[in-house]
Amino acid sequence: MATEARVQPMPASAVEQSQRGQRGPTIGGIILNIIRYALLALMTLILLGPFILAFLGSFKTGAEVLAWPPTFLPSQWHPDNYAQVWNQMTDQNGNSLFPRWLLNSVFLAGTHVVLQLFLCSLAAYAFARLHFPGQKIVLTLIVATLMIPGVVLLIPKYLILNKFGLVNTYWSIIIPGAVGATGIFLLTQFFRAIPKDLEEAAAIDGASLFTTYWRVILPLARPALATLAILEFQGAWNSFQNELVLLNTQEMFPLTVGLSFLKGAYTGNINLILAASMFNTVPAVLIFIFFSRYFVQGSTYAGVKG
Amino acid sequence: MAIQVAPPPRQGMSRKTRESLTGWLFITPTLIIFGLFTFGAMIYAFFISFTDLGLFNEPKFVGLDTYGKVLNIPAGGLGEILNNIFYKALGNTLIFSVVVVFFQTWLAIIFAVILNSKIRFRNFFRVTWYLPSVTASVVISLIFFWMYKQQGIVNAVITWVSDHTVGALFGIHYQTVAFLDDTTTALPSIMAMNIFTTVPTFMVLFLAALQDIPPEVYEAAKLDGATTVRTFWSITLPLLRPIIFLVTVLGTIGTLQVFDQVYLMTNEGGPLGATTTVAYLIYHQAFKDNHLARSAAIGFILFIIIFLFFLVQRRFLDKDANA
């Protein structure tokens with residue numbers, strides 16, 4: 001039957017196909033759908049489960065969080081875990097360390113985003129819109145650095161910053177991270193796609209190149225800048241290895257390094273570690289929920305990289 | 001007031017020269033930072049790897065001696081080489097990378113295809129699945145460190161499932177395991193966690209690519225009587241090839257550098273070096289053992305390995321490169 005349909009002229013087989021499509025769901029189709037939704041539900045459970053459990057665990061006592069068999073809801077809710085995390089760790093002067101870590105994270109991520117947006121867009125404008133000798137090779141070299149593993153640069157970066165006396169200062173994080181290959185690449189691609197007419201109009205009006213960049217190009221590039229800002233904030237907010245190596249004293253820690261420090265300090269109190277983790281997770285999740293559009297856009301831009 | 005039509009020509013400098021100068025001026029901050037902390041650092045690391053630099057001594061040029069020490073070029077036969085922590089770390093890293101990249105890529109494709117088909121609540125799944133990707137590796141490591149404990153949820157789930165299946169049928173009882181303290185389960189546990197966090201990220205890339213495939217292609221396949229499985233192998237996969245290449249490269253670069261998870265979940269890459277990765281070794285050699293030169297040498301070896309992986313993947317997956 002199937003072979004016969006293939007030999008027959010096109011319209012007949014098409015009619016047969018469309019009829020088959022209208023016949024409604026088959027038993028096989030229903031089973032396939034059940035399997036499909038079961039798989040989706042299981043995957044959702046696996047992906048979200050750890051976060052739900054960690055959130056609930058952050059309200060349990062240190063004993064309950066390690067009870068066997070594990071409990072789901074806390075037998076008694078302990079919001080005071082959060083107060084304990086906030087206040088308990090102090091420096092020699094009695095100042096709370098945890099709020100300081102949170103502030104360090106906000107400050108480092110904030111400056112990182114502002115500098116990246118400015119310096120990457122400035123360089124991208126030069127690469128995409130201006131003509132100067134050597135621009136091609138410089139851009140190629142910069143994009144090629146995406147291949148260099150960050151961990152390889154860790155030791156020399158530490159030594160160079162140490163020579164300038166910058167280790168254990170905010171500068172050691174801010175300066176090397178002020179510009180990045182991903183941002184330059186993403187914005188160069190975006191700027192190239194902007195039509196030239198507006199710039200030409202600006203040039204005729206006597207605008208300088210910087211004015212053109214600042215007043216014409218940047219406003220047009222808002223979606224790309226927003227995407228880069230979100231991606232870079234996320235990266236800086238979650239960054240760990242770099243800070244672990246370059247910031248050595250407790251009052252300099254960002255939250256991620258602080259959390260790793262707490263893991264050593266609160267060995268018997270996983271509930272407190274979980275509560276502390278929420279201070280990192282909740283802002284990240286909120287930003288994601290509000291700006292999820294840009295995350296997807298960002299990963300699509302990243303796809304252009306290949 | 002007269003309307004100025006053209007900019008007043010500046011004296012002594014053509015438009016072209018001015019544009020060139022501005023171009024270089026605009027990329028100057030970038031050049032300084034990349035020059036110092038990427039290119040400069042790379043060259044610096046290369047020089048350090050030929051010295052005996054430690055945290056407290058003045059460096060002395062030692063030729064290939066540091067590399068010899070790292071690679072443990074035969075002093076006492078093969079047995080000693082296998083005991084060498086560098087080879088242990090290299091083995092762990094390669095296994096980690098191959099297994100994680102394989103699963104993360106395939107699972108990402110499969111889930112992207114499922115999410116791309118006509119299903120309800122598609123956006124709900126898409127958003128919720130992405131959450132692990134936006135969470136800090138530090139936080140995920142701490143949560144899994146807890147879940148992998150002997151009294152943790154992973155053991156509880158396995159116990160429940162086995163009690164209701166093989167346990168009920170054959171009376172076999174599952175013995176709980178402290179996953180991260182056992183040399184056989186420690187590394188696979190971290191691999192599973194890593195797959196968990198990376199699948200959604202890559203799934204989004206595949207999903208974007210799938211939506212670029214024109215529906216007519218599938219309609220034509222359907223008219224020709226192609227089955228779902230056949231359509232997947234003969235149409236979807238070949239069209240996804242550029243993204244598969246990208247995901248494999250990104251995944252390989254990422255997994256060959258795995259550090260945060262090892263640092264946070266294990267006791268210095270233990271038990272007995274079972275979770276020591278090359279990236280962890282680089283950190284440990286430099287900042288715990290004060291062997292900066294050895295650390296730089298290991299870093300260079302890792303760089304070469306990553307580059308070789310890239311070339312191999314390009315050979316097999318990138319169509320344009322083969323043309």
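Each value in this text was obtained by applying a stated rule to the coordinates, not by laboratory testing. Here the structure is a predicted model, which is why all the values come from computation and not from measurement. Here the Cβ is made from the backbone with ideal geometry for all residues, glycine too, and neighbour counts use every protein chain on show.
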Most fluctuating of B:199, B:70, B:312 in the GNM of chain B (C-alpha, under 10 Å) is B:312
Of all C-alpha pairs within the protein assembly as shown, those more than 37 angstrom apart amount in percent to 45
List every DSSP H helix in chain B whose Cα atoms extend 27 Å or more along the helix's own long axis and whose mean Kyte-Doolittle hydropathy is at least 1.0.
B:85-116, B:186-212, B:292-317
Here the gain from full extension of residue B:62 to residue B:46, 0.36 nm per residue of separation minus their alpha-carbon distance, amounts to 4.5 nm
Would you list the membrane-span-like helices of chain A, meaning whole DSSP H runs whose alpha-carbon atoms span at least 15 Å along their axis and whose mean Kyte-Doolittle value is at least 0.5?
A:27-57, A:98-129, A:150-163, A:181-192, A:270-304
For A:110-122, mean number of other protein chain Cβ atoms within 10 Å:
1
I need B:246, B:64 ordered by Cβ neighbour count within 10 Å, fewest first.
B:64, B:246
Most exposed first by the Cβ proxy, i.e. fewest other Cβ within 10 Å, how do A:232, B:58 rank?
B:58, A:232
Taking trypsin sites (Lys or Arg not before Pro) that fall in a DSSP loop and have at most 15 other Cβ atoms within 10 Å as cut points, what is the longest piece of chain A between them?
A:24-195
Which one, B:120, B:18, B:230, has the greatest fluctuation when you compute a Gaussian network model over chain B with C-alpha springs under 10 angstrom?
B:18
Largest first, please: the extent of the C-alpha atoms of chain B along each principal axis, to the nearest Å.
95, 70, 46
Between the stretch B:85-156 and the stretch A:213-263, the Cα center-to-center distance that results, in Å:
23
Straight distance only, please: which lysines reach the Cα of residue B:118 with their own Cα at less than 26 Å, same-chain residues fewer than 8 apart left out?
B:222
Could you check the simple spin-label distance between residue B:212 and residue B:174, using points 7 Å along Cα→Cβ, in nm with one decimal?
4.2
Find the centroid of the Cα atoms in the stretch A:111-128 and in the stretch B:170-249, then give the distance between the two in whole Å.
35
For B:212, A:197, what's the fewest-to-most ordering of other Cβ within 10 Å of each Cβ?
A:197, B:212
Percent of all Cα-Cα pairs per 10 Å bin for chain A, counting from 0 up to the last occupied bin, reads 5, 18, 22, 20, 15, 12, 7, 2, 0
Quick check for me: using +1 on Lys/Arg Cβ and -1 on Asp/Glu Cβ, what's the dipole size of the protein assembly as shown about its Cα centre, in debye to the nearest 20?
1260
Rounded to the nearest 0.05, what FRET efficiency do residue B:272 and residue B:158 give with R0 = 22 Å and r taken as the Cβ-Cβ distance? Could you check?
0.35
Which one of A:99, A:195, A:254 has the biggest mean-square fluctuation once chain A is modelled by GNM with Cα springs under 10 Å?
A:195
Work out the mean other chain Cβ neighbour count within 10 Å for the residues of B:38-48 and drop it here as an integer.
5
Listed residue pairs exceeding 27 Å between alpha carbons, taken from B:69/B:149; A:196/B:16; B:69/B:288; A:136/A:163:
B:69/B:149; A:136/A:163
Given charges of +1 on the Cβ of Lys and Arg and -1 on the Cβ of Asp and Glu, with all other atoms neutral, how large is the dipole of chain A about its Cα centre, in debye to the nearest 20?
560
Of the residues A:193, A:161, A:267, the Cα lying farthest along the dipole of the stretch A:97-304 towards its positive end, which is defined by charges on the beta carbon of Lys, Arg, Asp and Glu, belongs to A:267
Which order do peptides B:286-293, A:76-83, B:123-130 fall in by mean Cβ count within 10 Å, highest first?
B:286-293, B:123-130, A:76-83
Using bins 5 angstrom wide from zero, how does P(r) for the stretch A:143-268 break down, in % of all Cα pairs?
2, 9, 14, 15, 14, 12, 11, 9, 6, 4, 2, 1, 1, 0
Contact order relative to length of the stretch B:65-322, as percent, for alpha carbon pairs under 8 angstrom and 6 or more apart:
29
